[in-house]
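J.: Sharing a structure below in structure tokens format, with a few things to ask.
Just so it is clear, none of the values below were taken in a lab; they were calculated from the coordinates. The structure displayed is predicted, hence computed values, not measured ones. Backbone-built Cβ (ideal geometry, glycine too); neighbour counts: all protein chains shown.
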Amino acid sequence: MRDYIRDPREIIRRSFEIVAAETDLSALPADISAVAERIVHACGMPDIVADLAFSRGAGEAGRKALAAGAPIICDVAMAAAGLMNDRLVAGNTIHIAIDRPGAEELAVSSGQTRTAAGMQLLAAHYEGAIVVIGNAPTALFRLLEFVEVGASKPALVLGFPVGFVGAAESKAALAENTFDLPFITLHGRRGGSAIAAAALNALILGEEQ
């Protein structure tokens, strides 16, 4: 048999030991450090921490919202699939924008993506929610458009869309928002559902890290 670590607990322990050794978290506030560690663990790139951006108190705001039973709005099923649902103890409801009833029809009739249409249809659920975007820049842009014109604000936006068209721009718009919207995001093209889910999992776990 090949020589490799088989014990899942030892794999996790060693993984985070390496993350801690190779990642410079010294510039991060305490409520963001665990989020950064989970993101690095999810993508295997310690240097990604340099691109992390966040509003003051964002991590604590997310933890409080989760404890209060805040709904969770994901852009795609892949982001929702990565969440530690068994650790959600406050009855948090999970909504998936792309699967929202009517999203496909609205997307066709309005000339937008299904994720953007789904975010539009979920606008009534924004208030106090945690929004997790790991795939679609259009979903993040649509959310920002609605909040900018008066829709209720989420408690926290985890904005990690990935790609070459609109990803960097949508995350820059989130980081530069002028309506006091709490956020954690990652500048540039990198992102993805695994990273977005990892960020929320860090908040779900809280002190259990």
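J.: Working out 0.36 nm times the residue gap between Asp3 and Ala20, then minus their Cα-Cα distance, what length gain in nm do you get to one decimal? Mind showing how you got there, number by number?
T.: On the way: separation 17, 0.36 × 17 = 6.12 nm, distance 2.44 nm.
The Asp3-Ala20 span can extend by a further 3.7 nm.
J.: What FRET efficiency, computed as 1/(1 + (r/R0)^6) with R0 = 41 Å and r the Cβ-Cβ distance, is obtained for Glu176 and Val89, rounded to the nearest 0.05? Write out the running numbers ahead of the final one.
T.: On the way: r = 35 Å, r/R0 = 0.84.
For Glu176 and Val89, the calculated efficiency is 0.75.
J.: Given Cα positions, please report Rg to Rh for the range 24-148, the hydrodynamic radius being the Kirkwood one. Working shown, then result.
T.: Numbers: Rg = 15.6 Å, Rh = 15.7 Å.
Taking Rg over the Kirkwood Rh, I get 0.99.
J.: Sticking with this one: Once both labels are modelled 7 Å past Cα along the beta-carbon direction, what's the Phe164-Asp99 spacing in nm?
T.: If labels sit at Phe164 and Asp99, their model points lie 3.0 nm apart.
J.: Moving to a separate point now. Give me the percent of DSSP beta bridges within the chain that run antiparallel, rounded to the nearest 5.
T.: Values: 3 of 16 bridges.
Of all bridge pairs located within the chain, approximately 20 percent are antiparallel.
J.: Which residues make up the longest stretch of the chain clear of chymotrypsin sites (Phe, Trp or Tyr not before Pro) that lie in a DSSP loop with no more than 13 other Cβ atoms within 10 Å, not counting the sites?
T.: Values: sites that count: Tyr4, Phe164, Phe179.
It runs 5-163.
J.: Calculate, axis by axis, the spread of Cα positions in the chain along the three principal axes, and write the results as whole Å, longest axis first.
T.: 56, 39, 36
J.: Rounded to a whole number, what is D in µm²/s for the range 103-209 from Stokes-Einstein with the Kirkwood radius over alpha-carbon pairs (4 °C, 1.567 mPa s)?
T.: Values: Rh = 13.9 Å.
After rounding, the answer is 93 µm²/s.
J.: I've got another one for you. Considering every pair of different Cα atoms, what Kirkwood radius, in Å, is found for the range 61-132?
T.: Working: mean 1/r = 0.0796 Å⁻¹.
Every distinct Cα pair counted, the radius reaches 12.6 Å.
J.: May I pose another question? Report the Cα-based extents of the range 96-144 along its three principal axes, largest first, to the nearest Å.
T.: Computed over the range 96-144, the largest-to-smallest principal extents equal 29, 20, 16 Å.
J.: If you stretched the chain out fully between Glu127 and Glu60, how much longer would it get, using 0.36 nm times the residue separation minus the C-alpha to C-alpha distance? Don't jump to the answer; show the numbers that get you there.
T.: On the way: separation 67, 0.36 × 67 = 24.12 nm, distance 1.70 nm.
Roughly 22.4 nm would be gained on extension.
J.: Ranking Arg2, Arg14 by Cβ neighbours within 10 Å, fewest first, what do you get? Walk me through the intermediate numbers first.
T.: Details: Arg2 3, Arg14 12.
Fewest to most other Cβ atoms nearby, the residues stand as Arg2, Arg14.
J.: Okay, next question. Arg189 versus Ala151, label points 7 Å from Cα toward the beta carbon: distance in nm?
T.: In this crude label model, Arg189 to Ala151 measures out at 2.8 nm.
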